[in-house]
Each structure stands twice: as structure tokens, then as C-alpha cells.
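The values are calculated or read from the model by the stated rules, or taken from the named source; none is laboratory data. If you're wondering where the values come from, they're calculated on a predicted model, not measured in any experiment. Ideal geometry is used to build each Cβ from the backbone, glycine not excepted, and the neighbour counts take in all protein chains shown.
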Amino acid sequence: MYRAYASPSYSNHWQESCARLLAPLTLWLCVSVTLRYGYYGNCRMVPGPSSSHLLTANSIFVQQIQVIDSAKKGAVLHGFVKKPELSLETNWNVSKDLVVGSYRQQGFSLWLNKGSRIQIRWEVPIGNSSDLIVLLTKGEQTLKRSLSSSSNSLSLSHPTNGNGQAECIIEEDNSYYIHLVNMNPRSIVMMLNVNVSSKMYDVTNAVSKCSAINGLCHLKLHFPRMKYVVLTTPNNGDISGWSVELSFVARLATYVAILGLAAIFICLILKYLGACDGEASVDSTVEEVPVTETNPLLQEKRIQIDYGTSDEDPDSTMCSTSEDLYDGKICVICYDEQRNCFFVPCGHCATCYECAQRIIEGENKVCPICRRFIHKVRRLFIA
């Protein structure tokens, strides 16, 4: 009579390999994205004349800030260790003659700090006065949204007898947008006057500064205390404003250190979880339990196929000269020492501890019984 067992499946081994690759691949992706973009992202703003915009950029994470002023109107960056005070005030005035097309709108963007005051005056022909809307909104939102929502609308006025004005005090640091909407089927000519009393940050105590008068400048942030930056613009009389782009360059050493610590932390967690998964409570008075090749510690289903017929009891065909081996007491590798350990996670007890160490230290770390991948070896202490 012959006995044959179904060949072991390697699906578990494949899943374990994928799980081991998942952690380094995820870490590599996080490293790539973080080093490319950092904690701070690029931003674009339209400051307007005589503006003073406070930014927060921690020098631990940011090495320098790059300013791109394509219009070359003189934007300046100032770096501070302590937060500057919003204690200065400047007045500026702009007057413009505008032509607003029929069913069209024009707009101007300004950055204003809390406590600033803005006054808008305009003059239009008397016949077209009822067809002009002047709207001041918080944030650069579309005209449709501005007209449908009054939550961000600060001033909505119609002129009287060709003249009109609107005035408000700014209660929050933000970008504000002036909408001029012509609802007349004909174009109109209007005179717009904007008078602003703007609150400014005191930049006299700046640690460093750079000017983008040539269109580009770099402000280096001194490590590790510098974390406040103020962007200022001159009073050039141009209410149309211009676009300024800020790029934050990440401090590479900080991100490498943080990601290294994160990798160590993840490895410790995985090691701890693996230890808990394979942990077995061992007692010096554990009762001996017979363990054979067909009866491991962790029971597994096996397919047994018998070839031929026999009237003999299968258990009676054991070789009497190898009784200890078939009784599950002798190591199946060296045939010398007793079986005194088992493998994790399959749970088979088939070798002595020395042979098990040779298996796990070799290239083919698989159980000699089920051919599953071995994670650890645990001793058995039998009283």
C-alpha cells in the first residue's frame, strides 16, 4: 500500500511576499511625494498696490521662498522671527476712466488687512445710472456667485443721479474684489475713484528681505526660528494689480529625518505584530502531546489517497526498527535528537531545535512537512 499527499499550495507564500513588499512601496511613494511637494504648496496671489500680506512658513520645513513677479513692479519679501505688528497705516488713491461694455463686467482685486477702510466713488451718465451695479466681495469669486450669495457681499449700491459711493471697514484679512457690472444694452463710460486707508505690517525689524524688482528673488529662511514672512507691494497707482507666484522650497534634511523615523516606527510595529502573531505561551509543566507528521500542532486538512488494496491495518505496517521515528519523537532531519520545537505559522513539530535553526538560516526557509514559509521557530519544553 502506498500513501500520497496532495502537493502544498504556494498561495499563502505569495500573499506573504506581497504583504512584505507593500510596506516599502508605500513608504517609497510617501517619500517621493513629500520631497517633491513638501508640507507647503505653491500659491498665486494678486496683491494690489500698497498691500501687506502676512504668510506663515516654518523654517524647519521650508528652506527658502521663491518670488516670481513677472510684471516687475517691485514686490518685496521680509522674513521675521517674531510675528510683526499690524501697526502702520497708509493712504492711497486711484482714479480711472473706464469703458464697460454692454452686459459686461470689469473687476479689480485687492489684498486688505483687518482694520483697513475702502471707499469707492463713481460717476456715470444720468441715463445709464440705473443699469450699473457696483459690488465689493470677499474673495475672488465669480459674478454669478456674488449676485446669488450675500454672505461674502460687503457692499451693493446703485448710483443716484449719475453719482454713487460705497464705503466699508474690513473685518478680516483677505482678498477683496470690486465688481463693476453694466446691465445696459449699450456701453457706458464711467469715472471710478478708489480711496483706501490700508493697514500695514511693520517691517523695520525684518531679519532678511529680498526684492523681485528684476522679476525673481529668493528669500532664505534662517533655521530653526524664522517662520513669518510679509509680502509687500509699492503704491504704483495701478489698481489693476498683478499676479505674484510664491514657491516654497522644502528643507530636504528635515523630511529625510522625519521619513526615516517613520520607517523605523513602522518596522517596529510590524515586528511587534509579527511577534504577537507567533507568540505561544510556554509552561515548564506542559503535558506532552504526541505530534506526528499527519497530526501537527495546528491541524490542517490533508488529502489522503490509497493506491491498491490491503486487508492490513495501516497503523500495523509501521517499521518496528524505526518505531521512535514514526511515533513522532525523532527529528526527521538528523534522526538523532528528539523533536523539541515547532514552526510558525504552520505549527509542525518535526525537527530538533538545531536542525530547525539550520533550516531558517538557509536560503530555503520552508517547513519540511508542508513546505510553507517559516517565520519563526519556537521551542517545546516537555516535563
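None of Arg372, Arg339 is in contact with a strand residue (DSSP E or B) (Cβ under 9 Å, 6 or more places away or on another chain), closer than 30 Å to Pro24 by Cα and at pLDDT 55 or above except Arg372.
Scanning the stretch 66-107 for residues that are in a loop (DSSP other than H, G, I, E, B) and of a type in the set (Asp, Glu) turns up just one, Glu85. Quick check on the stretch 4-16. Is at least one of its residues out of contact with any strand residue (DSSP E or B) (no Cβ under 7 Å at 6 or more places or on another chain), of a type in the set (S, T, N, Q) and modelled with pLDDT of 65 or more? Within the stretch 4-16, none of the residues are out of contact with any strand residue (DSSP E or B) (no Cβ under 7 Å at 6 or more places or on another chain), of a type in the set (S, T, N, Q) and modelled with pLDDT of 65 or more.
Looking across the stretch 114-132, the residues that are in contact with a strand residue (DSSP E or B) (Cβ under 9 Å, 6 or more places away or on another chain), closer than 15 Å to Arg186 by Cα and either of a type in the set (S, T, N, Q) or at pLDDT 80 or above (or both) come down to Val124, Asn128, Ser129. One residue stands out among those in the stretch 342-369 that are assigned to a loop (DSSP other than H, G, I, E, B) and β-branched (Val, Ile, Thr): the one that is modelled with the lowest pLDDT, which is Ile369.
When the stretch 189-212 is examined, which residues are found to be more than 13 Å from Gly74 (Cα to Cα), surrounded by fewer than 20 Cβ atoms within 10 Å (Cβ to Cβ) and out of contact with any Gly (no Cβ under 7 Å at 6 or more places or on another chain)? Listed by number, the residues that qualify are Val189, Met191, Asn193, Asn195, Ser197, Met200, Asp202, Val203, Thr204, Asn205. Note on the stretch 327-374: among residues that are surrounded by fewer than 19 Cβ atoms within 10 Å (Cβ to Cβ), aromatic (Phe, Trp, Tyr) and free of Cβ contacts under 8 Å to residues at least 40 places away in the same chain, the one that is nearest to Leu273 (Cα to Cα) is Tyr353. Among the candidates Leu22, Leu35, the residue that is at pLDDT below 85, surrounded by fewer than 16 Cβ atoms within 10 Å (Cβ to Cβ) and either within 30 Å of Asp238 (Cβ to Cβ) or out of contact with any Phe, Trp or Tyr (no Cβ under 9 Å at 6 or more places or on another chain) (or both) is uniquely Leu22.
Taking (1) closer than 15 Å to Pro47 by Cβ; (2) surrounded by fewer than 14 Cβ atoms within 10 Å (Cβ to Cβ) in turn, Gly215 satisfies each apart from (1). Entry remark, the stretch 72-116: residues being under 14 Å from Cys217 (Cβ atoms) and surrounded by fewer than 20 Cβ atoms within 10 Å (Cβ to Cβ) number 3 in total.
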